[in-house]
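Structure first, commentary second.
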Amino acid sequence: MSPLDIDSSVRSFLQGQQGQEANPALKAYYPRFEEHYERKLWHQLTLDLLSFVQEQGVGPRLIPLYQHFITHFQTRLDPLKWIELAVYTSRQYSELKEASTFLDGVAKELLEKKTVPAHIQARMEALHYRLLLGDLTESWEVITECGMALDLLASKTAPQTSVHASYYRVAAEYHKQKGDFGDYYKNALLYLGCVRVDALNEEERVGRAKDLAIAALVGDTIYNFGDLLAHPILQAIQGPSSPGAQYSWLAQALVAFNRGDIGAWDQLETQIPGEPILQEHSAFLRQKIRLEALIETVFRRTGGSGGGKGSRRLAFGEVAKEAQLGQEEEVEHLVMKALSLNLIRGSIDEVDRVIEVNWVQPRFLDLDQINGMHQRLRAWGDDVEACEDYVQSQGPELFGV
């Protein structure tokens, strides 16, 4: 087809769409599309197209627009804008497999143009539709290859937020389907770091906050909840006036685990039957809250040596009480678990039945915990001042002055 024939077919298509369009807001775009295309004003055309695809009720028009108009000049567009238009278009296919096939075709064309970031985004968005179909075939291979390509790009070019957002979002979807709670948690938080939370719709904010809370609770590598507790996404399920108020107990559960508050968890635990994943991991959650109680008990103690006041030597009986263990014999197993997870460092004295801890995993502190630390620091300052006064008072005698 000659350039004249192409121009004629494009003009006929745009004029036909304009004539059929009943929406005045959408109708006004078509003359601008035609003008920008004929004058080869690709940047202005791109801006108008991106505005058009976000208009209310535009959906059914996107597939014909892409097939009969955008394909004629797509290689002249900024590759990242090209894939953005393609993603909007893919959402209009009635069959998920068709959407995936469409984006796979776009990814192939982008690869031929050697536009790596946009190619990665197209592959991840195509994978998104396959995951919705429950097709995990070669999913990990795609995620691994795209992740390696992103790492290589990071050493050469500035990061592309939209590309990373697609990668982390789809990787999180994959790990959610696989039940890899720790990896889902990490990738979902990285995704949220690439987007504006207030730009997400209410349903997505609530769903993401709920999924993150559940992943944080049942993740066997997650014992520090600071990243989530401090994140604005949690506001979607925090409090009775939040859009996801029915899940506010999950936010409360995160606070209880962060404090190692077994009593608070006992009250919230009645909600578990409504969440199958939590129900399935109920025994693990009990062990986890006990580990958090152990960490909190150690954290509340000031430093020191020996068995006196301010020591981080804890008797088995004290640990059993704080962690609500039935017998002191269970303490050693709990402490060994904490040591193996690197939540604490120290040793167990089986003869004296005490544990001595010299390091605790850094953790997120709420206001009450910060106030407790403030009190301990003041007490430590008072001890230093008392020691200084003692040395000064004993100085002449000690040094023969």
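None of the figures in this text is laboratory data; all of them are computed from the coordinates on show. Here the structure is a predicted model, which is why all the values come from computation and not from measurement. Cβ placement follows ideal geometry from the backbone for every residue including glycine, while neighbour counts extend to all protein chains displayed.
Collect residues whose amide H, placed 1.01 Å from N in the peptide plane, falls under 5 Å from the amide H of GLY346; neighbours closer than 5 in sequence don't count. Hits under the 5 Å cutoff: ASN358. Projecting the Cα atoms of VAL10, LEU47, PRO64 onto the charge dipole of region 4-123 (Cβ charges, centred on the Cα centre) puts LEU47 farthest toward the positive pole.
Sort ARG39, ARG61, ARG286 by Cβ crowding within 10 Å, fewest neighbours at the top. All intermediate terms of the calculation are to be shown ahead of the outcome.
Numbers: ARG39 10, ARG61 20, ARG286 14.
Fewest to most other Cβ atoms nearby, the residues stand as ARG39, ARG286, ARG61.
Each 5 Å bin from 0 upward holds the following percent of the Cα-Cα pairs of region 133-204: 3, 15, 23, 26, 18, 11, 4, 0.
Relative intensity of the chain on a log10 scale, I(q)/I(0) at q = 0.08, 0.11 Å⁻¹, equals -0.62, -0.92, per a Debye sum over C-alpha point scatterers of equal strength in the absence of solvent. For GLN246, the shell of other residues with beta-carbons less than 12 Å away shows a net charge of 0, using +1 for Lys and Arg and -1 for Asp and Glu. Once the Cβ-Cβ distance of THR270 and THR221 is raised to the sixth power relative to R0 = 22 Å, the FRET efficiency obtained is 0.25.
Taking only the alpha-carbon atoms of region 172-250, what semi-axes of the equivalent ellipsoid follow from 5 times the gyration tensor eigenvalues under a square root, in whole Å, largest first?
Result for region 172-250: semi-axes of 19, 14, 11 Å.
In order along region 292-301, the phi-based Karplus estimate (6.51 cos²θ - 1.76 cosθ + 1.60, θ = phi - 60°) of 3J(HN,Hα) comes to 5, 5, 4, 4, 5, 4, 5, 4, 6, 7 Hz; Gly and Pro are listed as x.
Return the FRET efficiency for the residue pair ASN371, SER241: r is the Cβ-Cβ distance, R0 is 22 Å, and the value is rounded to the nearest 0.05.
Efficiency, rounded to the nearest 0.05: 0.25.
Taking LEU65, LEU47, LEU96 as the candidate residues, the one with maximal mean-square fluctuation in a Gaussian network model of the chain, Cα springs under 10 Å, is LEU47. Measuring between alpha carbons in the structure, the pairs from LYS186/LYS337; LYS27/LYS97; LYS156/LYS186; LYS40/LYS108; LYS176/LYS210; LYS40/LYS114 lying more than 20 angstrom apart are LYS186/LYS337; LYS27/LYS97; LYS156/LYS186; LYS40/LYS108; LYS40/LYS114. Here GLU202 and SER393 are evaluated by their C-beta separation; at R0 = 60 Å the FRET efficiency comes out at 0.35. For region 7-15, the Karplus equation 6.51 cos²θ - 1.76 cosθ + 1.60, evaluated at θ = phi - 60°, returns couplings of 4, 5, 5, 5, 4, 5, 5, 5, 5 Hz by residue, with Gly and Pro reported as x.
Per residue, the convex hull around the alpha carbon atoms of region 1-81 comes to 89 Å³.
About the Cα centre of region 94-158, what is the dipole size in debye to 20, counting +1 per Lys and Arg Cβ and -1 per Asp and Glu Cβ, all else neutral?
On the way: 7 positive and 11 negative charges, 55 e Å.
About 260 debye.
In region 44-169, what is the volume of the convex hull around the alpha carbon atoms, normalised per residue and reported in Å³? Write down the numbers at each step before the final one.
Values: hull volume 13.8 nm³, N = 126.
Cα-based convex hull of region 44-169, divided per residue, equals 110 Å³.
Each 5 Å bin from zero up to the one holding the largest Cα-Cα distance in region 212-308 carries the following percent of pairs: 2, 12, 23, 23, 18, 9, 5, 3, 2, 1, 0. With Cα atoms defining each centre, region 236-281 and region 93-154 are spaced 36 Å apart in the structure. Quick note on region 322-365: its Rg to Rh ratio, both from C-alpha atoms and Rh being the Kirkwood radius, is 0.98. Between ASP104 and SER9, the modelled label-to-label distance comes to 2.5 nm, taking each label 7 Å out from Cα in the direction of the beta carbon. Using just the helices of the chain, give the 222 nm mean residue ellipticity in deg cm²/dmol: DSSP H runs with n ≥ 4 each add -39,500 (n - 2.57), and the total is spread over all residues, rounded to 500. Value at 222 nm, helices only, nearest 500: -20500 deg cm²/dmol.
Farthest toward the positive end of the dipole of the chain, out of GLY193, GLY182, ALA213, is the Cα of GLY193, where the dipole comes from beta carbon charges about the Cα centre. The phi torsions of region 226-240, fed into the Karplus equation with coefficients 6.51, -1.76 and 1.60 and a -60° offset, translate into couplings of x, 4, 7, 4, 8, 8, x, 4, 5, 4, 5, 10, 9, x, x Hz, rounded to whole numbers, with Gly and Pro shown as x. Overall, the chain carries a charge dipole of about 1020 debye about its Cα centre when +1 sits on the Cβ of Lys and Arg and -1 on the Cβ of Asp and Glu, all other atoms neutral.
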